[in-house]
Each structure stands twice: as structure tokens, then as C-alpha cells.
Amino acid sequence: MPEWWTYTLSDFLLFSPRTYYRLIERHNAAVWPWQIMTLGLGLATAGLLLHRAPWQGRLVSGVLAALWSWVAWSFVWRRYAVINWAATYLTGLYVVEVLLLLWAGVVRGALSFRWSRDAAGATGLALLLLSLGVYPLLAPLAGRGWRQSEIFGVVPDPTVLAPVGLLLLVEGAPPWRLLIAPVLWCAVSGATLLALGSPEAWILVPAVLLPLGAAAARGRR
Amino acid sequence: MIRAMAMAAAAALLRPLSARALTAPVTRPIPSSGERLPVVGLGTWITFNVGDDPELRDECAAVMRAFFREGGRVIDSSPMYGSSQEVIGDGLGRLGRPPDLFSADKVWTSSGAGGPAQIEESRSSWRVPRFDLLQVHNLLAWEEHLPDLLAMKAEGRVRYVGITTSEGRRHREVEEIMASRPIDFVQITYNAVDRAVERRILPLARDRGIAVLVNRPFRQGALIRHVERHRLPSWSGEIGAASWAQLLLKFIVSHPAVTCAIPATAKVAHVVENMRAGAGVFPEPAMRRRIAAHIERL
């Protein structure tokens, strides 16, 4: 890109905040009442952290892979890519993550989740809370109303944050490979929200930086 | 009595005429053909990228309806602008394909071989038989695209050919192309604060007989938001500018090398306001200097 230093975030923005949030509103309306089911699945997945059954890791990984697939197809590919051609390529991140979750979590059974009393455990739990409980409230708090609420398992940002939190709760070394796609998505989405002037940017960007620090701290132990 | 009646009749006849003269868009010729274009057009970056949202598409169609009603002609888009081309095509269909449309689009792909297919896809999205103007977007692979566009022009498949840049990028290359290739249009960024093109590109356009389209007249709205914190100077009325947007637009289109400025908007009130800036009185050089100096101080 010639003269790359002259570009700012807003040079890459293709749509207005109103168009973006109406996209979420129309998606919410189209999939209703799927939101109740996905939130229920999210809470059930969080509850499984307390369950030490041998199939726990496979089930959590399978649920995450299923929800990522659904969000990638129903929102990113079918709706978001219409106003943002870059989203077509970003769908690839979802495909990679789903394959990694299926391979490491479901096929090999290499992921086992457990809450721990350290920085990574606290951060993981905070991210789960943010994804499932706080994110749906952000739209009404920002004055955009409930119809534009971003719900886990329905739109990307909360759906991506939850697995980052869960992956911090994996027993043993942090699964770095599984964190790459969510972190990249959060970086791109955070930059988009910053360019849109959206207050959610100030939640998403730190929410993806904190876990990296927490995972690194756990990795050093 | 007869004299009074004659004066009243004359006033009735003259009033609408002078009102029309004040609201009819000022036009400038495309140097390579002499065809005249209104000095204010319609950009579509961000504002028309609304996907398949029916409510927002209605609003875009309303903006286009008001634009043509006010005498507008030039609509500019690009395959880079997401769904904007589709939304324009939808709007044109609803308006019954306005005959005054001057369709300006771009080729935007790093692959020279991919240019013709992209242009055809764009034409299909716009639902027009052919484009009036095709430009190489931001000089991307211009060495490959420009010969193709010139060949299309020779075959009558497009009427005019041009290049674009924005925000002052690659001006030296733009000048080289303007000086050496038979292009009809150049699209650049120009406004009361981004005035680098006044030094070389605008004079070169006049020398070479190249029409000039102006993008980012309001710096994507940032310039308006900045100046609107201050009171519109009282002397704006001398050139018929009733708002900051009109003052900024009148500054741009009063440059003799400028053919058409293409502000983007999604609001009917704004498109009407913009179009009316392209009518009536324009600032003379002394007033242009006053506008630039005033905005620089804000």
C-alpha cells in the first residue's frame, strides 16, 4: 500500500454506525427466538466448568464449534459481507477456529476446562460474564434499544469473547493456536468499532488484550 | 393605472424567472467534449452501502429522487463501496432510469485481467446499458486498466475515462498520467483545508483540458462537524451560502478548474442543501481567499 502512513482507521470504514446496528437489529428479528436458546447454551456451557465429567471438554468444544459455525454462516457470511467485503475473508478465521476446536476438543479430547484461582481463571470468568451477561445490555445502555442487543451465539463479538474466556480455563498450558482466530477477530472488530465511534470498542479491545496477558502469565508458570 | 398593471405583470413574470435562475444548477463543460455537467454531484461512499435493508434503501432512493429533482446528474461509485452500486441500481429502477443520469464508476482490482469482468458486474449492479465515466480507482494497477478503459472508449462502450486519488496521495504519479495519457477526468480531494491540488494538479487539468471531480469535500463530514461549532460568518450571505456546507461547497466549485464536487449524503435535506450550493452566486478570488483564511483560523 503506497503512502501507508497517510491512512487512518476511518479510511477503511465502508458503512455508517446506523447501517451496522440496523444489520444487527434485522438479524435479531430474523432469528428470534434463537437468542434464548443460545444464551441458554452459553450458560449451560459455563455451568459445565463445575462438572468434571470425562466428556466435559468434548461437549464444550462441540458447542463452541457449532455456535461459531452458525454465527459465521448466518451473520458474517450472509449479512455482514454484504456491506463489508473484507468479512468474506474474515469468515476464514471462523472456519479455522471451528476445525481446531473440532480436532483438538472433540476428536482428540485434548481440552479439559476447569476454573482456577489465578489471573487466567479470573480473566476467563470475567470474559464469560461479559459475553453472556454484559454484552446484551450494551445496546440499550448506549441508547440503541433492545432490538440491537448483541447476544452470544447470534452475533460475532460476544460469541468470540466467550471462547477466549473458556480457553483461558483449559487445564495445563494455554492453547495458543486456538486463541489466534478469536484474538484476530477481536482486533479487526475492535478497530471497526473504534472507526464507527462505538463505545463497545473500549470494551472489546481491552477484553482481548487482557486475556493474552493472563494466558502468558499462566504459560510462564 | 395601466402602468401599475404593466409593472405588476412584469414582476409576476420576472419573479419566477429570477427565482429559477437562482436555483438552476450552474454547469461546467467537460473539456474533452463540451458536454455540460452541474457543478454538484452525488458521492456514495459509506452513505449508500446499506445492503438489503429496505428502510435504508428507501432513504437512498429518496435522496436520489431529490438529487434529480434539483437538477443533479453525476452519481459516483466504486466496487470498493460494498453494496452501494446495487443500492444505486435499485434507486435508478424505482425512479424509472432518469435520463439525466451521468453514471461515474471505477475499476478497482489489482488484477488487470480481472478489470473487464468487474466492470461488467458493476454495470449490471447499476442496471445501466453503459457507464458514462469509468475511472481507475486510486491508481490501482492503472498501467493495466487504463489501456483497457481507453479501448472501451474507442469502441463506444464508455464515454469518458479517468483516474482517481484521494487525500493527497500519489500526486506526482497523477500528474504524470495527466500529462502523458489521453484521460478525460481526474478525481482528487479538494476542500478549503486540503488545497495541495491548487499548486499543480488543478492548473495542469486546465492546461490539458481534463475535467476535475472533487471527492471528500467535507472530509467525510469531519470538516462540517469542526466548523459547525462556530457561527456562520455574516458575509456568507453575499454569495448566497445559508449554511457551512454551502459555504464549503461554493468554495470548491468556484475554482475554475473544478467540474463537479461529489459530496455523499444519506439525507434528503442535505442533498437539497448541497445542490443549491451549486446554484446562484459563486465567490470571486478575493472572497475565496477570505473563506480559506477564515476556515483556517477556526
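Below, the figures for the structure above:
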| quantity | calculated |
| --- | --- |
| Qualifying residue in the stretch B:81-95 (condition: without any contact (Cβ under 8 Å) to a residue 40 or more places away in the chain, more than 25 Å from B:Leu139 (Cα to Cα) and touching a Gly at 6+ places or on another chain (Cβ under 7 Å)) | no |
| In the stretch B:128-178, the residues that are aromatic (Phe, Trp, Tyr) and farther than 18 Å from B:Gly114 by Cα | B:Tyr160 |
| Residue in the stretch B:24-47 that is more than 17 Å from B:Val214 (Cβ to Cβ), touching a helix residue (DSSP H, G or I) at 6+ places or on another chain (Cβ under 6 Å) and either among the aromatic types (Phe, Trp, Tyr) or crowded, with 23+ Cβ neighbours inside 10 Å (or both) present | no |
| When residues of the stretch A:28-47 are limited to those that are in contact (Cβ under 8 Å) with a residue 24 or more places away in the chain and within 14 Å of chain B (Cβ to nearest Cβ), the one surrounded by the fewest Cβ atoms within 10 Å (Cβ to Cβ) | A:Ala29 |
| Any hit, the stretch A:15-27, residues being assigned to a loop (DSSP other than H, G, I, E, B), within 14 Å of chain B (Cβ to nearest Cβ), of a type in the set (A, V, I, L, M, F, W, C) and surrounded by 21 or more Cβ atoms within 10 Å (Cβ to Cβ) | yes |
| When residues of the stretch A:165-207 are limited to those that are within 13 Å of the chain's Cα centre (by Cα) and small (Gly, Ala, Ser), the one nearest to A:Ile24 (Cα to Cα) | A:Ser189 |
| Qualifying residue in the stretch B:8-23 (condition: at pLDDT below 85, open to solvent by 60 Å² or more (accessible area, probe 1.4 Å) and among the basic types (Lys, Arg)) | yes |
| Which listed residue is open to solvent by 50 Å² or more (accessible area, probe 1.4 Å), closer than 13 Å to A:Leu204 by Cα and touching a residue at least 24 places away in the same chain (Cβ under 8 Å), from A:Leu125, A:Leu184 | A:Leu184 |
| A:Arg117 vs. criteria modelled with pLDDT under 90, farther than 28 Å from A:Arg78 by Cα and open to solvent by 50 Å² or more (accessible area, probe 1.4 Å) | yes |
| Answer from B:Ala242, B:Ala179 - the residue that is surrounded by fewer than 17 Cβ atoms within 10 Å (Cβ to Cβ), aliphatic (A, V, I, L, M), assigned to a helix (DSSP H, G or I) and more than 17 Å from the chain's Cα centre (by Cα) | B:Ala179 |
| Condition met for A:Arg177 (without any contact (Cβ under 8 Å) to a residue 40 or more places away in the chain and open to solvent by 40 Å² or more (accessible area, probe 1.4 Å)) | no |
| Selection from the stretch B:78-109 of residues that are open to solvent by less than 30 Å² (accessible area, probe 1.4 Å) and at positive phi | B:Gly82 |
| Residue tally, condition part of a loop (DSSP other than H, G, I, E, B), open to solvent by 20 Å² or more (accessible area, probe 1.4 Å) and away from chain B (no Cβ under 14 Å), over the stretch A:48-106 | 4 |
| Residue satisfying all of: in the stretch B:61-72; surrounded by fewer than 23 Cβ atoms within 10 Å (Cβ to Cβ) and of a type outside the set (A, V, I, L, M); nearest to the other protein chains (Cβ to nearest Cβ) among these | B:Arg65 |
| Residues (under 30 Å from B:Asp53 (Cα atoms) and buried (at least 19 other Cβ atoms within 10 Å of the Cβ)) located in the stretch B:222-239 | B:Leu223 |
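The values are calculated or read from the model by the stated rules, or taken from the named source; none is laboratory data. All of these numbers come straight from a predicted model, not from anything done at the bench. Here Cβ is always computed from backbone atoms with ideal geometry, including for glycine, and neighbour counts include all displayed protein chains. Calculation scope for accessible area: heavy atoms of the full protein, side chains included, ligands and nucleic acids excluded. Shrake-Rupley method; radii C 1.70, N 1.55, O 1.52, S 1.80 Å.
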